[in-house]
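**Q** Submitted below is the structure of interest, expressed as structure tokens.
The values are calculated or read from the model by the stated rules, or taken from the named source; none is laboratory data. All figures in this text were calculated on a predicted structure; none of them were measured in a lab. Every residue, glycine among them, receives a Cβ derived from its backbone with ideal geometry; neighbour counts consider all protein chains shown. Ligands, DNA and RNA are stripped out before the accessible areas are found, and what is left, the full protein with its side chains, is counted by its heavy atoms. Shrake-Rupley method; radii C 1.70, N 1.55, O 1.52, S 1.80 Å.
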Amino acid sequence: NPYAGLVSRLRASWLSGKTRPMEYRVAQLEALGRFLDDKKPEILEATASDLGKAPFEAELSEIFLCKNELHDTLNNLSLWMKDEKVDRTLAMQLDSAFIRKDPYGVVLIIAPWNYPIQLFLVPLIGAIAAGNCVIVKPSEVSKKTERLVAEALPSYLDKDCFAVVTGGVQETTRLLENKFDYIFFTGTPPVGRIVMTAAAKHLTPVTLELGGKNPCYVSDTCDVTNVARRVAWGRFFNAGQTCIAPDYVLCTIEMQEKLLPALHKAIDDFYGPNPRESPDFGRIVGDRQFQRVQRLLGSGRVAIGGQTDEAERYIAPTVLVDVLPSDLIMQEEIFGPILPIVIIASVDEAIDFINSRERPLALYAFSSDDKVVNQVLERTSSGGFCGNDTLMQVTLTSLPFGGIGNSGLGKYHGKFTFDTFSHHRGCLKRGMGREPLNAPRYPPYSPRKFGLIRATSKVTRTSGCALL
């Protein structure tokens with residue numbers, strides 16, 4: 001296997017204990033900060049080349065959010081690393097019981113192309129903070145960014161403990177043949193199944209950050225202008241190539257009539273009368289991806305946009321109406337600048353529609369009535385939820401980010417990333433003396449001995465009412 005030597009070298013470094021001291025982890029994390037600072041112009045240039053990302057969008061999503069994660073981790077690392085004391089029974093009051101946060105060992109991070117810096121760097125921050133050695137596999141689809149990461153990142157990190165591997169499907173397949181102690185994958189559900197299958201051969205735990213069709217319910221009672229602006233921003237940010245973008249709108253026919261002109265105005269305000277000329281509207285990452293998204297325009301009827309240019313990989317911000325649940329666009333994640341509207345009669349029908357499909361990575365609900373937003377929250381299931389806005393839930397390092405069911409497995413961001421890459425090791429330390437205290441557990445057994453064990457070791461239910 002072409003990567004066996006690399007994995008073995010990193011494993012030897014991990015076994016040496018090199019990555020465990022907090023000072024070492026902090027030094028490597030600070031080096032990531034320097035990477036972001038030093039390479040900011042190159043990051044903006046590479047993401048513009050790969051995805052047509054506006055500098056504002058690239059700096060916000062690829063640099064600023066990573067800096068927030070980095071600073072949150074550095075601010076709290078000493079606290080996160082501390083042993084966590086736990087409750088003890090009467091029999092163990094003289095003992096030490098705690099949870100130790102151990103690194104897993106050698107971990108693999110496989111990143112996607114849509115946010116090619118953020119979606120490898122945020123998990124890398126947590127993996128380093130937890131004391132692991134790491135192999136990073138950036139996406140080959142975002143070519144310029146892959147080259148930048150492969151060429152620049154190793155000069156900032158300890159080469160004995162961290163490495164970048166490049167390549168496509170064949171290289172990733174060979175890489176996955178090796179035994180890792182943890183695998184973190186961001187991508188599509190079909191590829192997620194392949195990664196999980198490969199991990200299962202070594203009983204390797206995984207985090208799978210997958211996509212899905214994220215519903216966006218818009219009630220009849222809302223500020224239509226605000227809804228349109230927030231939905232349009234979330235759908236068309238990064239030309240729609242965002243795993244948590246609102247994938248389709250659910251609303252009544254009456255709301256659709258109000259929403260369409262408001263969406264049209266929002267798009268015009270954001271990108272001008274011809275979004276193709278806007279410096280703030282991106283492009284589809286590759287020809288194959290362009291052709292896939294373009295095929296989805298055959299669903300329903302184009303109400304706004306619809307223009308395409310294959311040479312530029314340009315698809316205009318588009319809104320589709322008369323969309324049926326059976327249409328092609330409702331069968332797969334769009335991952336492009338198209339927003340279909342599906343008509344429902346009520347919030348109950350919207351909830352039934354959401355619950356009849358795979359559980360999404362994100363779910364959005366808009367209403368001026370908080371009871372309606374809560375109703376959608378309480379009666380559905382999704383990886384994350386945001387009421388009366390889009391995308392903003394992922395900007396908080398204090399909230400876990402991750403999917404459920406078809407949209408993923410596991411969570412990260414902030415302390416959740418540190419915990420994801422840490423083995424929570426249950427530890428009990430007892431003294432060598434006081435052996436008479438242990439006598440009741442030894443044979444020969446008797447009812448009296450069991451009574452003593454029960455009296456000193458039982459957990460009793462409190463009398464307080466649990467219902468609030």
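**Q** For the range 334-394, which whole-number percentage of the solvent-accessible area (1.4 Å probe, protein heavy atoms only) is attributable to carbon and sulfur atoms?
**A** Values: 1120 of 2420 Å².
In the range 334-394, the share of accessible area belonging to carbon and sulfur is 46 percent.
**Q** When a/c reaches 1.5 or more, the comparison of a/b and b/c decides; with that in mind, is the range 218-341 rounded, prolate or oblate per its Cα gyration tensor? It would help to have the intermediate numbers written out before the result.
**A** Details: a/c = 1.85, a/b = 1.27, b/c = 1.46.
Oblate.
**Q** The chain: longest stretch without exposed GluC sites (Glu not before Pro) (DSSP loop, at most 16 other Cβ within 10 Å), sites themselves excluded?
**A** Maximal segment without exposed cleavage sites: 1-139.
**Q** Got a sec to turn the phi values of the range 205-215 into Karplus ³J(HN,Hα) couplings, 6.51 cos²θ - 1.76 cosθ + 1.60 with θ = phi - 60°, whole Hz, x for Gly and Pro?
**A** Working through the residues one at a time gives x, 9, 10, 10, 9, 10, x, x, 9, 8, x Hz.
**Q** Check Tyr248: other-chain or 5+ apart residues with amide H under 5 Å from its amide H, H built from backbone geometry?
**A** Asn214, Cys216
**Q** Using θ = phi - 60° and the Karplus curve 6.51 cos²θ - 1.76 cosθ + 1.60, what whole-Hz ³J(HN,Hα) does each residue of the range 144-160 get, with Gly and Pro shown as x?
**A** Residue by residue, the range 144-160 yields 5, 5, 4, 5, 4, 5, 5, 7, 9, 4, x, 6, 9, 10, 5, 5, 6 Hz.
**Q** So, one more: Once phi is turned into θ = phi - 60°, what whole-Hz ³J(HN,Hα) does the Karplus curve with 6.51, -1.76 and 1.60 give for every residue of the range 173-184, x standing for Gly and Pro?
**A** Here the 3J(HN,Hα) series is 4, 5, 4, 6, 6, 7, 7, 10, 8, 7, 10, 10 Hz.
**Q** Please go through the residue pairs Lys82/Lys137; Lys53/Lys137; Lys265/Lys411; Lys39/Lys411; Lys85/Lys159; Lys67/Lys265 and name each one whose alpha carbons sit more than 25 Å apart in this structure.
**A** Values: Lys82/Lys137 30 Å; Lys53/Lys137 22 Å; Lys265/Lys411 37 Å; Lys39/Lys411 28 Å; Lys85/Lys159 35 Å; Lys67/Lys265 34 Å.
The answer is Lys82/Lys137; Lys265/Lys411; Lys39/Lys411; Lys85/Lys159; Lys67/Lys265.
**Q** Please tell me the relative contact order of the chain in percent, rounded to the nearest whole number, where contacts are Cα pairs under 8 Å and at least six residues apart. Write down the numbers at each step before the final one.
**A** Values: 897 pairs, mean separation 86.2, N = 468.
The normalised contact order for the chain reaches 18 percent.
**Q** So what is the calculated 222 nm ellipticity per residue for the chain, using -39500 (n - 2.57) for each DSSP H run with n of 4 or more, over all residues, to the nearest 500 deg cm²/dmol? Spell out each step's value before the answer.
**A** Working: 16 runs with 181 residues, N = 468.
Result for the chain, helices only: -12000 deg cm²/dmol.
**Q** Put a dot 7 Å past each Cα toward the Cβ at Lys265 and Ser49; how far apart are the dots in nm?
**A** 4.2 nm
**Q** Between Ser78 and Tyr24, 0.36 nm times their residue separation minus their Cα-Cα distance comes to what? Mind dumping the intermediate values first?
**A** Numbers: separation 54, 0.36 × 54 = 19.44 nm, distance 1.22 nm.
Fully extending the segment from Ser78 to Tyr24 adds 18.2 nm.
**Q** Once amide H atoms are built 1.01 Å from N in the peptide plane, which residues 5 or more positions from Gly408, or in another chain, come under 5 Å H to H?
**A** Leu210
**Q** With axes computed from alpha carbons, what is the tilt in degrees of helix 253-271 against the longest principal axis of the chain, rounded to the nearest 10 within 0 to 90?
**A** Once rounded, one gets 90 degrees.
**Q** Using amide H atoms built in the peptide plane, which far-off residues or other-chain residues are under 5 Å from Ala303 H to H?
**A** Correct list: Val319, Leu320, Val321.
**Q** Let me ask another. Helix 40-51 against the longest principal axis of the chain: what's the angle in degrees, Cα atoms only, rounded to the nearest 10?
**A** 60 degrees
**Q** Leaving out same-chain residues fewer than 8 places away, which aspartates and glutamates sit with a Cα under 19 Å from that of Lys429?
**A** Within the straight-line limit of under 19 Å, Lys429 reaches these aspartates and glutamates: Asp83, Glu84, Asp87, Asp95, Asp102.
**Q** Sticking with this one: How would the range 156-209 be classified by its alpha-carbon gyration tensor: rounded, prolate or oblate, with rounded meaning a/c under 1.5 and the a/b versus b/c comparison settling the rest? The partial results should precede the final answer.
**A** Numbers: a/c = 1.72, a/b = 1.47, b/c = 1.17.
The shape class here is prolate.
**Q** Going by average Cβ density within 10 Å per residue, which order do the peptides 106-116, 178-188 take, highest to lowest?
**A** Per-residue mean Cβ counts within 10 Å order the peptides as 106-116, 178-188.
**Q** If one computes the Cα centroid of the range 41-83 and of the range 259-288, what distance in Å separates the two points?
**A** About 25 Å separates the Cα centre of the range 41-83 from the one of the range 259-288.
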